[in-house]
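None of the figures in this text is laboratory data; all of them are computed from the coordinates on show. All figures in this text were calculated on a predicted structure; none of them were measured in a lab. Cβ sites come from the backbone with ideal geometry, for glycine too, and all protein chains shown count toward neighbours.
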Amino acid sequence: MTLLDILPSLGRAAPPRFDPAIWPTTTHADEEGRLCVGGVPLADIADEFGTPAYVIDETDFRHRARRYRKALRGIQVVYAGKSLLTTAVARWAREEGLGLDVCSSGELTVALAGGVAPARIIVHGNAKSPDELRDAVRAGVGRVVVDSCVEIAYLAGVAQRRQPVLIRVIPDFDKSGPSTCAVTTGISDQKFGFTLAGDHAADAAKRVLAHPILDLVGLHCHIGSQVTDPALYGEAVRRMIAAMADIRAQSDVILTELNIGGGHAIPYVPGDRELDLDELARVIEDALDEACAAEYFPRPKVVVEPGRAISGRAGMTLYRVHSVKTQSGGRTFVAVDGGMSDNPRVSLYGAQYTVALANRHSLGAKQLVTVAGRHCEAGDEIARDIELPADLHPGDLLAVACTGAYHHSMASNYNMVGRPSLVAVKDGRARELVRRETVADLLSRDCG
């Protein structure tokens, strides 16, 4: 019998060991104090599939997909495949009623292999090649988002039937831009899309309309990533409706679709803010009513493209501790068997993560440590100055939360290290979705 059994009120007063805002919905500790997700102890996954390993909670992924459809009624939800995509993940998105957006022929092939109907696929990218456009139109994708004038010409040249098109527009947030974005793509000085200034977007519309085989149906925009303020999407809606009204005035065409992209924020560490979906729905509705009334413009269909917000918290990464050392007068470093090859976001963006001891529960003191990677770079870190048990030792298992987005999809072979396996958990079972990359895989591409 434990102290919590004798005094259960202590459990209610103590902070949860695993913050439910950060860890998957099925996260809990078993009787041995091991971290479990999807009914599976993570230590068992590490033993069976090795480490590093990406783990994805299917129940959590589906839960967040359903939450989007429930909160954003009347709005089409399209999952951003760039965040995490395998044939199984594509199937989950399809079964939950989501469309899927892709950015390459590879992502398109995976989406189709996962059973996603071509008509529910949107093709993105700022430098699509003629071959990629040809693959898209041959598959019969529902939308191609054009990003440059030459791309419009390429698409018209390869289209075999009338192809629905969206124009990517920069909402020109340069002066009133999103201060709550980790990465901003709604400003003019960046590589994506056509600016509203200088009538570039209106000119792009005329170019699309000049090709009878292209069917201009609407506009697309993306204001940034890790956006916490729903009001910014309201401003984007107002600017896009005004742009659609300008296109109507100049080209006598009424666009019927407005895609406002994704970028919805999730928390990575305690205290981080996330985007409120109920408030987002209200903001979009109010902005549509206001803007359409002001421009006497018929209400378009609205599309959103969440990726990280669906897959991010469903995933985590498992690492085995290899060494623990304290430098003289410096930090304590916990070195693990992965690093920037499986999580480049720390070195790219200065991303922060929540880390937990997964194979046991330590009741002792904690200490500040830096979880360092295995690669030959001084900046190869997983998390800096975080609290972990002072009795941490080689062989322990660490779990890093919120790695379901932009980890598997951004992994590399730096130092010729194979990419980790991706393991799905659900209802007490674990299954490998993507196997670990081997040295033989690496050599198979070496023609020397």
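Annotations for the structure displayed:
- Distance between the pseudo-spin-label points of residue 47 and residue 361 (7 Å out from Cα toward the beta carbon): 1.9 nm.
- Remark: spin-label model distance residue 438-residue 289 equals 6.2 nm, labels positioned 7 Å along the Cα→Cβ axis.
- Projecting label points 7 angstrom from Cα along Cα→Cβ for residue 272 and residue 17 puts them 2.2 nm apart.
- Alpha carbon convex hull of the chain, volume per residue in cubic angstrom: 166
- Gaussian network model of the chain, Cα within-10 Å springs - most flexible of 399, 21, 293: 293
- Dividing the mean sequence gap of close Cα pairs (under 8 Å, 6+ apart) by how many residues the chain holds gives a relative contact order of 19 percent.
- DSSP-defined beta bridges in segment 72-310 - what % are antiparallel, rounded to 5: 5
- A convex hull fitted around the alpha carbon atoms of segment 72-310 yields 117 Å³ per residue.
- 0 to 90° range, to nearest 10: angle between helix 58-71 axis and the chain longest Cα axis: 40
- Radius 12 Å from Cβ of residue 133, net charge of other residues (Lys, Arg +1; Asp, Glu -1): -2
- Fully extended contour minus Cα-Cα distance, from residue 87 to residue 333, at 0.36 nm per residue: 84.8 nm
- Mean separation of Cα contacts under 8 Å (6+ apart) over length of segment 72-310, as relative contact order %: 19
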